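Inspection log for the structure reproduced underneath, given as structure tokens.
The values are calculated or read from the model by the stated rules, or taken from the named source; none is laboratory data. Not measured: the values here are computed from a predicted model. Because the Cβ atoms are built from the backbone with ideal geometry, glycine has one as well, and the counts that use them run over all protein chains shown.
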Amino acid sequence: MRELFITLLVAVLAAAPAFAARTGELAPTFALASAAGDTVDLARLRGRVVYVDFWASWCTPCKRSFPWMNELEVRYHDSGLTIVAINVDKRREDALRFLRDVPARFTVVFDAEGKTPAAFDVKGMPSSYLIDREGRVAAVEEGFHDERTTVIEQRIRALLDRK
Amino acid sequence: MRLPLKAGAAAPDGEAATDPPRISERSAALIAAALALPGILPSHAHAQTAPDEGVVALRYLDYRDWQPGARRMTVRNPSLYALVPLGSSFAVEGSVIYDAMSGASPLYHDTLSGASGLGVTDYRTAGDARLTKYIDGNALAFGVAGSYERDYKSRAASFEWRRASADRNTTFAVGVAATRDSIDSANGVARNQHRETYDFLLGVTQVLSSDSLVESSLTWSDGRGYYSDPYKLLDTRPDRRRIFAWLTRYNRYLPGPDATLRVAYRYLDDSFGDRSHMVEASWVQTLPRGFTLTPTLRYYTQGAANFYRDPPFPEGSVQGEPYTADTRLSAYGAITAGMRLAKSFPGGVTADVAFTFYRQRAGWRAGGGGSSGLLEFSARWIEFGLEKRF
Amino acid sequence: MAFPLGILAILGVASVAAGCATVDPPKPWEKGDLARPSMRFDAEPLAARATTHVYQSKEGAAGGGAVGGGGCGCN
């Protein structure tokens, strides 16, 4: 009886649709490979504040967002911030070419199939999701706008302070 | 909307090659039975949000035309364009184009006499500017344009609203424009004449897939005023011109060959009677080392205006009725073949060179029925362009 | 004069776009190819102006217009 219950529970959970990433809800999980080959697993980052950014080589605002994210990485990594930039280019070489021109100090992973942006229900490029230490989506930003950076940074600091 | 640019040279026709060129021919070449059918100003500005990058572009076009045994006309067109984003919700753009025409476009029978005009060049300057405001997936654009030369001045203003759907895959546009032209011919035939035109545009762009999209637009134009060519004897045109144009364009990227196919079709109906069709195709081929090669083929066919009469002049003209022998309003077909090579350099710089060849023949009119008594007309133009994005 | 034809034109294009089996509007992260300059209708304003300029003088009527839209949809 208990085995049946557990089986049913697992089946229901497995069949459950992916969460759209709305604020307050648990962020969808992902485990993606970086250029070096190691896997970045969102579940393992529980306890840190995670800034997930969806980017592509063809997204011109990303040329401006990367230097800013580099600054965030330098300022807040030790305080508990992890930046994960998920690339959605169909071709890896396009992404690598972008990274040569606009280097990243933060973690970059690749999802050419687009499963992760679909799970997060990304509405525009670029999009960023700020995830708190409990794994919940704290804020969603669509597009990259210079005038929003101060607010986002304030939010990051607020989440980092919440230990 | 694109503010009307003035039409240029008068139609070639069978004038004897021995007549000396006259000053007014260049002016006449610049005056048009002018159609200023506006379209939206071709622009770097997108529907959705203010552009991220500014653009500065320079271009130089060298044009030459000829007919069998007849004189040549040459035109040199330097031009400049700039787009500057202002903050995150405004963009301003503008362009200036300069025409320097020399040589002669053979006119059939014009009223000027005496002036030698050899080696004289006529000039025209035209410019436009547009300011766009972006709010939340909408773009509102206000534009002005003007064209100035000795005997023809044109001023226009336009307004356009574009709106993108939430998923940015569908974009709608609606636009209006008003133009006022003043004509004062050097020979005194047209003294203080005017023309006013109003244009209305409706259009939609639909992204069909991750590799293809289509755009279709309808334009209605209603003009009243002076349309005749004062440098042509007996040329009398209606004082009202209504035009309807339907333009559809389709782009498809092909990952296999790493190339883009671009096709366009335009249907145009004109109360003057010269209905026309235009179809054009380009193949944008990516090559190694940042090069792009683009061949283009275009076919154009038009019917004659209701009041066009075949040579010999002035057969068919009736006192008090509209009449023209201007071969630009005759029935013919035309083919264009062009090739463009572009190279992109680091730092957002692109350079390109293009060569285009054009030929008009009455016999090429679709379905036959081209106007008789006309010489073949040919032209070629070479372009050099430089663009920097910043 | 042209009004009924205009309606027909709109309906024609709308039905082609709607009924076309290959209409499969992409998700925001799938728009890379649409961002290519060759895929844009508005990528080269000066070249387009120069060409239209020439055709207007030879054929009298150039026209129709660009709508905008397409592209990567960024920001």
Considering the range B:237-284 alone, what residues qualify as being touching a residue at least 40 places away in the same chain (Cβ under 8 Å) and not charged (D, E, K, R)? B:Pro238, B:Ile243, B:Ala245, B:Leu247, B:Tyr253, B:Leu254, B:Pro255, B:Leu268, B:Phe272, B:His277
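Give the range B:361-377 a look and list any residue that's within 18 Å of B:Asp65 (Cβ to Cβ) and touching a residue at least 40 places away in the same chain (Cβ under 8 Å), or say none. Let's see the steps before the verdict.
Taking the range B:361-377 as the starting set, the residues that turn out to be within 18 Å of B:Asp65 (Cβ to Cβ) are B:361-362, B:364, B:374-377.
Within the range B:361-377, B:Trp364, B:Leu374, B:Leu375, B:Glu376, B:Phe377 qualify.
Is there a residue in the range B:327-342 that is within 10 Å of chain C (Cβ to nearest Cβ), touching a residue at least 60 places away in the same chain (Cβ under 8 Å) and over 20 Å from B:Arg64 (Cα atoms)? Show your work before the answer.
Kept after step one, since they are within 10 Å of chain C (Cβ to nearest Cβ), are these residues of the range B:327-342: B:328-329, B:332, B:334, B:336, B:338, B:340, B:342.
Add one more test, that the residue is touching a residue at least 60 places away in the same chain (Cβ under 8 Å), and what stays is B:328-329.
Filter once more, keeping what is over 20 Å from B:Arg64 (Cα atoms): B:329.
Yes, the range B:327-342 has at least one match.
Condition check ((1) under 30 Å from A:Pro61 (Cα atoms); (2) surrounded by fewer than 22 Cβ atoms within 10 Å (Cβ to Cβ)) across all residues:
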position	(1), (2)
B:Leu61	no, no
B:Gly69	no, yes
B:Ala82	yes, yes
B:Glu93	yes, no
B:Tyr98	no, yes
If I ask for residues that are farther than 14 Å from A:Thr82 by Cβ and touching a residue at least 24 places away in the same chain (Cβ under 8 Å), which ones from the range A:30-48 would you list? A:Ala33, A:Ala35
Could you list all residues from the range A:49-74 that are aromatic (Phe, Trp, Tyr), in a helix (DSSP H, G or I) and in contact (Cβ under 8 Å) with a residue 40 or more places away in the chain? A:Trp68
Could you list all residues from the range B:154-167 that are out of contact with any strand residue (DSSP E or B) (no Cβ under 8 Å at 6 or more places or on another chain) and among the basic types (Lys, Arg)? none
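For the range A:75-101, enumerate the residues that are in a helix (DSSP H, G or I) and among the acidic types (Asp, Glu). So that I can check it myself, show each step before the final result.
Of the residues in the range A:75-101, the ones in a helix (DSSP H, G or I) are A:75-76, A:92-101.
Residues satisfying the conditions are A:Glu93, A:Asp94, A:Asp101.
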If I ask for residues that are more than 7 Å from chain C (Cβ to nearest Cβ) and in contact with a strand residue (DSSP E or B) (Cβ under 8 Å, 6 or more places away or on another chain), which ones from the range B:244-261 would you list? B:Tyr250, B:Arg252, B:Leu254, B:Pro257, B:Asp258, B:Ala259, B:Leu261
Please find, within the range B:151-173, the residue that is nearest to the other protein chains (Cβ to nearest Cβ) out of those that are at pLDDT below 90 and within 24 Å of the chain's Cα centre (by Cα). B:Tyr152
Considering only strands (runs of 3 or more DSSP E) fully contained in the range A:102-163, which possess at least 1 residues that are over 30 Å from B:Pro346 (Cβ atoms)? A:127-131, A:137-142
Going by what's in this entry, would B:Val207 be described as facing chain C (nearest Cβ under 7 Å) and not polar (S, T, N, Q)? yes
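Any idea how many residues of the range A:19-43 are part of a loop (DSSP other than H, G, I, E, B) and over 19 Å from A:Leu99 (Cβ atoms)? Before you say what the answer is, go through the steps one by one.
Keep residues of the range A:19-43 that are part of a loop (DSSP other than H, G, I, E, B), which gives A:19-25, A:27-30, A:35-38.
Imposing the further condition that a residue be over 19 Å from A:Leu99 (Cβ atoms) reduces the set to A:19-25, A:27-30.
The qualifying residues number 11.
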B:Tyr227 versus (1) surrounded by 24 or more Cβ atoms within 10 Å (Cβ to Cβ); (2) within 9 Å of another protein chain (Cβ to nearest Cβ): which is the lone unmet condition? (2)
Looking only at the range C:21-51, which residues are modelled with pLDDT of 80 or more, more than 7 Å from chain B (Cβ to nearest Cβ) and farther than 22 Å from B:Arg163 by Cα? C:Thr51
Residues within the range B:344-365 that are buried (at least 16 other Cβ atoms within 10 Å of the Cβ) and either more than 11 Å from every other protein chain (Cβ to nearest Cβ) or assigned to a loop (DSSP other than H, G, I, E, B) (or both), tallied: 4
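Mind listing whichever residues of the range A:74-89 are charged (D, E, K, R) and surrounded by 18 or more Cβ atoms within 10 Å (Cβ to Cβ)?
A:Asp89
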If we keep just the residues of the range B:301-343 that are over 27 Å from the mean Cα position of the chain (by Cα) and over 23 Å from B:Phe377 (Cα atoms), which is surrounded by the most Cβ atoms within 10 Å (Cβ to Cβ)? B:Ser317
Residue set A:Asp53, A:Asp78; condition under 22 Å from A:Gln154 (Cα atoms), of a type in the set (Asp, Glu) and within 13 Å of another protein chain (Cβ to nearest Cβ); output residue A:Asp53
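Can you work out which of the residues in the range B:158-207 that are part of a strand (DSSP E or B) and among the hydroxyl-bearing types (Ser, Thr, Tyr) is surrounded by the fewest Cβ atoms within 10 Å (Cβ to Cβ)? So that I can check it myself, show each step before the final result.
Taking the range B:158-207 and keeping what is part of a strand (DSSP E or B), we get B:158-164, B:170-183, B:193-207.
Filter again for among the hydroxyl-bearing types (Ser, Thr, Tyr), leaving B:158, B:170-171, B:179, B:182, B:197-198, B:205.
Values: B:Ser158: 25, B:Thr170: 18, B:Thr171: 26, B:Thr179: 24, B:Ser182: 16, B:Thr197: 25, B:Tyr198: 13, B:Thr205: 25.
Only one residue fits best here, namely B:Tyr198.
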Being surrounded by 18 or more Cβ atoms within 10 Å (Cβ to Cβ) and aromatic (Phe, Trp, Tyr) is the filter; apply it to the range B:251-274 and report the residue that is farthest from the chain's Cα centre (by Cα). B:Tyr253
